[in-house]
Amino acid sequence: MTHGIQDGLRENGVGLAASRGTILAVDDEPDILIALEDLFEDDYRVLTSPKPAEALEILRAEPDIAVVISDQRMPGMTGDALLAEARTFHDAQAILLTGYADITAVIAALNRGGIIGYVTKPWDSGLLRGTVRTAFERHSLGRELATERALLRGLLDHAEEAISFKDAGGRFVRLNARKAALLGRSVADSLGQREADLAPVAPESAAADAAAIRSGEVGNALVSEGPPGVERWTQVVRVPIRDAAGAVAHLATIERDVTEQKSLEARLRQSDKMQALGTLAGGIAHDFNNLLTAILGSLELAVPKVEGQPRVQRLIENARGAAERGASLTKRLLSFSRTHDLHARATDVNALIAGMSDLFGRSLGGLVSVRTDLAPDLPAAQVDPDQLELAVLNLCINARDAMPDGGAIVIATDRLHIADDPDLAPGPYVRVSVTDEGSGIPPEILKRVCEPFFTTKAVGQGTGLGLAMVFGLAQQSKGRFSIESTVGRGTRVELALPCAEAAPRAATVEEADVPVASRPARVLVVDDDPEVRHVTASFIRRFGYREVEAESGAAAVGILERETFDLVVADLAMPGMSGVDLANLVRARWPDLPVLILTGHADAIEIPESIPVLAKPFQSAELARRVSALLD
């Protein structure tokens, strides 16, 4: 067949190549080529060429050719030479057509791997068809095997998991570079070796391999390695692979590092716990503040009734002091339970730490002692004082936990000038340090201690938020957090806080005398707690105003529809109608009537900034000033 006709066959038969397969017949005799084409055209796409050189070009242009049938004796190049050269760049199976006299060429071609068989001339049609069919099936099987190998190689080379295949004796027959790296070896060095011969293997892992081979069932296990707090978590899937007889011949293992996933799951669980704790803390604080309002208010109202009884007055003062400490603890509980923006202002750090002495005694127990080393003439720091107090307390609690047998904690302050830190503005800073002589922190754990929810304490003994909160305070305050620790010798944590440009505000001195009413006024007191409502109403009456009590928002609205008032003082959290709902209704219906909200937990309900708020528990003088200001 001529070259032009053969080109036409290539063009017209391209779409058939994938479905029928393509064979190439090479012979210098046109009659032979026609005979071969007639023999195979019903089953294959047939390409022909009378010239060996042209046949090589066709092979280069047609990668899907499955079988080459070539005559041995041709001018310019023998068939065995043609097929040997084709083998160097093409995967087509080769069949040699020859006479008995060419048996030496057949043997040479077989030895070179150039052909899979030969057929003598004149050929038997059935034998030649069978030989071509076998060659075609062999080519298809080779292609499929090559595809499978390429897919497996791509999977092994690019998978994030460590993948390996072992025989029934536990020897590696295939593994990827990631698995080899875990063993500290190369892929080549690992093949044929047992895992236990290359690296230490946990007995549980070897037992799991044996169990999977024995049972023939897929296994899934989660294992951890490393010291507590910095474990490396690995999910291991074991897949037994059976041979043709049904026996388990190989075991595939897929190891996936799930450390980050485990960490995220732990953080999520801890976050849920902290959210629930925050909600619970807020609810407890609200109820506790109501109790403290009733207690402190009742004690204040009782003082004038025991004049001349110093012993009773002393008992009342002791009770009031205890209640005020309870109010301080509740404030810290609320500060812990809620998230809010920092309110940085000029803060006397020395005075703040000195004022925490009672808190240290109640919070740290008797086994540890706290010593302060406060630098004189320390400038004010620009920081949220409430959050700084909580941060120092957290650091002291951590220090106490590091000294279960007792020891000393040193809280120190001094001046610090920073000029070479790229993350901080150069200038003066106030340094606050907390040092203990406890067990210390190993280096692998030290680098993770500031991660939220990371803790090495036992379940229920730590939230993992202490150091994260201190670190966050330093960052938000535009300062620096640093920690140094030596195992067996202790830990030192430092906070560098920027100096304030202004001096700290002096504490406001409460006036001893309660402001009296400047004019007559009627005040509606609304609170669902009868004790708190009674105390608030008693204060209002003591100020010189006329008061009316309502036990709910709905009752207050009913009273307002019948009577005229100059001010409404309402609790925030009430069933049915909150204080905010009542204030909005009053504004809509009686726009000139002011409303003062009293609350034990300001975060319980969102309060518009335009509504005045007074936190419980409150001093009577503070309530009197707020009432007087609103009435004026």
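The values are calculated or read from the model by the stated rules, or taken from the named source; none is laboratory data. Keep in mind it's a predicted model, so treat the numbers as computed, not measured. Methodologically, a virtual Cβ is constructed for each residue, glycine included, from the backbone with ideal geometry; neighbour enumeration extends over all protein chains shown. Note: areas computed on protein heavy atoms with side chains; ligands, DNA, RNA excluded. Shrake-Rupley method; radii C 1.70, N 1.55, O 1.52, S 1.80 Å.
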ask   = Which ones in the stretch 392-419 are under 13 Å from G490 (Cα atoms) and open to solvent by 30 Å² or more (accessible area, probe 1.4 Å)?
value = N398, R400, D401, P404, A408, V410
message = Here are the criteria: (1) open to solvent by less than 70 Å² (accessible area, probe 1.4 Å); (2) in a helix (DSSP H, G or I); (3) charged (D, E, K, R). Tell me which single one R138 does not satisfy.
response = (1)
task = Report whether or not V132 is open to solvent by less than 40 Å² (accessible area, probe 1.4 Å) and outside any loop (DSSP other than H, G, I, E, B).
result = yes
inquiry  = Give me the residue from the stretch 556-572 that is touching a residue at least 24 places away in the same chain (Cβ under 8 Å) and open to solvent by 30 Å² or more (accessible area, probe 1.4 Å) and, out of that set, farthest from R522 (Cα to Cα).
reply    = E563
task = Please give the number of the condition A425 fails out of (1) free of Cβ contacts under 8 Å to residues at least 40 places away in the same chain; (2) farther than 16 Å from S482 by Cβ; (3) of a type outside the set (D, E); (4) surrounded by fewer than 17 Cβ atoms within 10 Å (Cβ to Cβ).
result = (1)
task = For the stretch 330-340, indicate whether the set of residues that are hydrophobic (A, V, I, L, M, F, W, C), under 29 Å from E437 (Cβ atoms), modelled with pLDDT under 75 and buried (at least 16 other Cβ atoms within 10 Å of the Cβ) is non-empty.
result = yes
task = Just give me the residues in the stretch 2-32 being open to solvent by 10 Å² or more (accessible area, probe 1.4 Å) and at pLDDT 80 or above, in sequence order.
result = R20, D28, E29, P30, D31, I32
ask   = Which one of these is among the aliphatic types (A, V, I, L, M) and closer than 15 Å to F165 by Cα: A199, A211, A221, A177?
value = A177
ask   = Taking the stretch 93-123 as the search range and keeping residues that are touching a helix residue (DSSP H, G or I) at 6+ places or on another chain (Cβ under 9 Å) and open to solvent by 90 Å² or more (accessible area, probe 1.4 Å), which one is modelled with the lowest pLDDT?
value = R112
task = Take the stretch 541-555 and flag every residue that is closer than 19 Å to P520 by Cα and open to solvent by 20 Å² or more (accessible area, probe 1.4 Å).
result = R541, R542, G544, R546, E547, V548, E549
query = When you go through (1) open to solvent by 60 Å² or more (accessible area, probe 1.4 Å); (2) modelled with pLDDT under 75; (3) within 30 Å of D386 (Cα to Cα) one by one for A266, which number turns out not to apply?
reply = (1)
The stretch 150-167: number of residues that are in a loop (DSSP other than H, G, I, E, B) and aliphatic (A, V, I, L, M) = 1
key: Pair list, Cβ under 7 Å, 6 or more apart: the stretch 77-89 residue under 19 Å from V119 (Cβ atoms), other residue of a type in the set (D, E, K, R) and not in a loop (DSSP other than H, G, I, E, B)   = G79/D71; A84/R112
key: Candidates P228, P240, filtered to the one that is open to solvent by 70 Å² or more (accessible area, probe 1.4 Å) and either at pLDDT 85 or above or not in a helix (DSSP H, G or I) (or both)   = P228
query = Among the residues of the stretch 533-547, is any in a loop (DSSP other than H, G, I, E, B), among the charged types (D, E, K, R) and more than 19 Å from L296 (Cβ to Cβ)?
reply = no
request  = Please state which one of S190, S215, S224 is out of contact with any strand residue (DSSP E or B) (no Cβ under 7 Å at 6 or more places or on another chain) and of a type in the set (S, T, N, Q).
outcome  = S215
request  = Would you mention how many residues in the stretch 516-549 are in contact with a Phe, Trp or Tyr (Cβ under 8 Å, 6 or more places away or on another chain) and among the β-branched types (V, I, T)?
outcome  = 3
query = Counting just the residues of the stretch 33-59 that are among the acidic types (D, E) and free of Cβ contacts under 8 Å to residues at least 12 places away in the same chain, which one comes out surrounded by the fewest Cβ atoms within 10 Å (Cβ to Cβ)?
reply = D42
key: Selected residue (criterion: least open to solvent (accessible area, probe 1.4 Å)) from residues of the stretch 188-213 that are outside any helix (DSSP H, G or I) and not polar (S, T, N, Q)   = A199
remark   = Reported set for the stretch 154-169 where residues are at pLDDT below 90 and farther than 26 Å from T259 by Cα is A168, G169
message = Checking the structure you have, find out if any residue of the stretch 576-596 is free of Cβ contacts under 8 Å to residues at least 40 places away in the same chain, open to solvent by 10 Å² or more (accessible area, probe 1.4 Å), on the phi > 0 side of the Ramachandran plot and not charged (D, E, K, R).
response = yes
remark   = Among residues of the stretch 616-632 being outside any helix (DSSP H, G or I) and open to solvent by 60 Å² or more (accessible area, probe 1.4 Å), the residue nearest to D571 (Cα to Cα) is Q619
